[in-house]
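The values are calculated or read from the model by the stated rules, or taken from the named source; none is laboratory data. It should be emphasised that the depicted structure is a prediction, and the values quoted were computed from it without experimental measurement. We place every Cβ from the backbone using ideal geometry, glycine too, and count neighbours over all the protein chains shown. Just so you know, the surface numbers come from the protein's heavy atoms only, side chains and all, with ligands and any DNA or RNA stripped out. Shrake-Rupley method; radii C 1.70, N 1.55, O 1.52, S 1.80 Å.
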Amino acid sequence: MCYDISYSSDLKLITDYLPDLVIDPQLFIDFDTFIHVQAQAYRKYLIIIFEDGQYKLKVFEWGVIADYMNTPEKIKQSRQYMCNAQSEKIVHDKKSFWRRIRAKRCLIPVTGIYEHRDIKGWKNKVPYLVHEKDRPVFCIPGLYYYSPIPDPETGEVKGTFTLITRPANSVMRQIHNGGPNAGRMPLFLTKALELKWLQPDLTDDDLQSVLDFEMPSEQLENWPVFTIRTTKPRPDDHDKTAPFEWPNLPPLGVDDGNIQKNLF
């Protein structure tokens, strides 16, 4: 799955990507908080929707609050499972909540995503930053939904979103190689397919053609980074997205750390 994303730039990168984007002048955006956003923190993040004939930039919370989560207790219990939506369940799974809201489509602008790799004999997973080659910003398709109950403190009806994943390509299988959802990756797309995802009148066949796209491994770049789920600074004082040299890190495809260690 994908529970960690990054946007390490400013608003201009997004407006260059989509010059016709409508931005509410009252919208407050703190880009410093976006270099690492973790799904189950349910933090606010940028999404792009197509509404009333316009592309609009919104700030919604990651993690859909579905209409059956109609009490704070149900939200606390179930929301953790609503940060990713499997592409296989959006069009043809008639029992899926994602199929019900497939018309509420959004794009999630990122400069990269983080994924964690299991290595036998290592206590902790190694995080990698992954991004599309030659694209300073790209967008992951998602779905959005408004909370069925207002926020108990502010009275706000929250906008929430989920990020779409699919079976991993060959390189992402080597990075996301452990855990109950191993072998998945975000639905990386070309820019043309990203914009197609927001078109309002897509048929189910049109949607499926986007969901079936698999980004070739050679179109992705990746490198290991220092532990991202920590408040401690990196030992080399670089930011979270910078490459980090883990001692005796096995190459991708070699998941036994003891084998690599014995080579030295």
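Couple of notes before you dig in:
- When we screen GLU88, GLU61 for residues that are outside any loop (DSSP other than H, G, I, E, B), surrounded by 15 or more Cβ atoms within 10 Å (Cβ to Cβ) and touching a helix residue (DSSP H, G or I) at 6+ places or on another chain (Cβ under 9 Å), the only hit is GLU88.
- In the range 214-230, the condition of being in a loop (DSSP other than H, G, I, E, B) and of a type in the set (D, E, K, R) is met by at least one residue.
- Options ARG43, ARG79; residue that is surrounded by 13 or more Cβ atoms within 10 Å (Cβ to Cβ), basic (Lys, Arg), under 29 Å from ARG117 (Cβ atoms) and touching a residue at least 24 places away in the same chain (Cβ under 8 Å): ARG79
- Unique residue being out of contact with any Cys (no Cβ under 7 Å at 6 or more places or on another chain), open to solvent by less than 60 Å² (accessible area, probe 1.4 Å) and assigned to a loop (DSSP other than H, G, I, E, B) when the list is PRO235, PRO200, PRO250: PRO250
- Residue match in the range 32-45 (condition: part of a helix (DSSP H, G or I), under 14 Å from LEU163 (Cα atoms) and in contact with a strand residue (DSSP E or B) (Cβ under 6 Å, 6 or more places away or on another chain)): yes
- Residue check for TYR17: touching a strand residue (DSSP E or B) at 6+ places or on another chain (Cβ under 6 Å) and either of a type in the set (Val, Ile, Thr) or open to solvent by less than 60 Å² (accessible area, probe 1.4 Å) (or both): no
- Selected residue (criterion: least open to solvent (accessible area, probe 1.4 Å)) from residues of the range 91-106 that are farther than 14 Å from LEU207 by Cβ and not in a helix (DSSP H, G or I): LYS94
- Checked against the criterion of being touching a residue at least 12 places away in the same chain (Cβ under 8 Å), aromatic (Phe, Trp, Tyr) and over 26 Å from LEU193 (Cβ atoms), the candidates TRP98, TRP62, TRP122 yield just one match: TRP122.
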